[in-house]
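J.: Have a look at this one before I ask anything.
Just so you know, all these numbers are worked out from the coordinates, no wet-lab data involved. Please read these numbers as outputs of a predicted model, since none were measured by experiment.
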């Protein structure tokens, strides 16, 4: 349950419902180890305003947070539903060698290689 609340806070942050300071306060109250840091994983207001999501993952455009399970939540740029580089390998059977997710515009997408897919 705690993990889902952390994700909820970060989704609200990427949607502009919370600013970085508010999100960090909420995360700290929960005892979560992740924090948003300027220059590393903080999304600026201009970046947030340039971010769009639609009905399908390929419509995602702008800035989000990459979750690879390490707790660092790296800021990433998404263009037409794709990351600037692959973050995992897609196996022949369609599985990936490492789970990864992008939180962008209040939504959560799985990552396969460099492509966002429905979570």
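J.: Among 56, 68, 14, which one shows the highest mean-square fluctuation when the chain is modelled as a Gaussian network with alpha-carbon springs under 10 Å?
T.: Per the Cα network of the chain with a 10 Å cutoff, 56 tops the list.
J.: Additional query: Helix-derived [θ] at 222 nm for the chain: sum -39500 (n - 2.57) over DSSP H runs of at least 4, divide by residue count, nearest 500?
T.: For the chain, the value works out to -7000 deg cm²/dmol.
J.: For helix 2-14, what angle does its Cα long axis make with the longest principal axis of the chain, in degrees from 0 to 90 and rounded to 10?
T.: 90
J.: Any idea what diffusion coefficient region 13-76 gets from Stokes-Einstein, in µm²/s, Kirkwood Rh on alpha carbon pairs, 20 °C, 1.002 mPa s?
T.: On the way: Rh = 12.5 Å.
It diffuses with D of about 171 µm²/s by this estimate.
J.: Which residue fluctuates the most in the chain, going by a Gaussian network model with Cα springs under 10 Å, if the choices are 67, 19, 55?
T.: Of the options given, 55 has the highest mean-square fluctuation.
J.: Hey, what angle do you get for helix 20-30 against the long axis of the chain, alpha-carbon based, 0 to 90 degrees rounded to 10?
T.: Rounded to the nearest ten degrees, it is 90.
J.: In square nanometres, what is one fourth of the surface area of the convex hull spanned by the alpha carbons of region 2-118?
T.: The orientation-averaged projected area of the Cα hull of region 2-118 comes to 7.0 nm².
J.: Over the chain, what relative contact order in percent results from Cα pairs under 8 Å that are six or more residues apart? Write out the running numbers ahead of the final one.
T.: Numbers: 228 pairs, mean separation 27.7, N = 119.
Relative CO of the chain lands at 23 percent.
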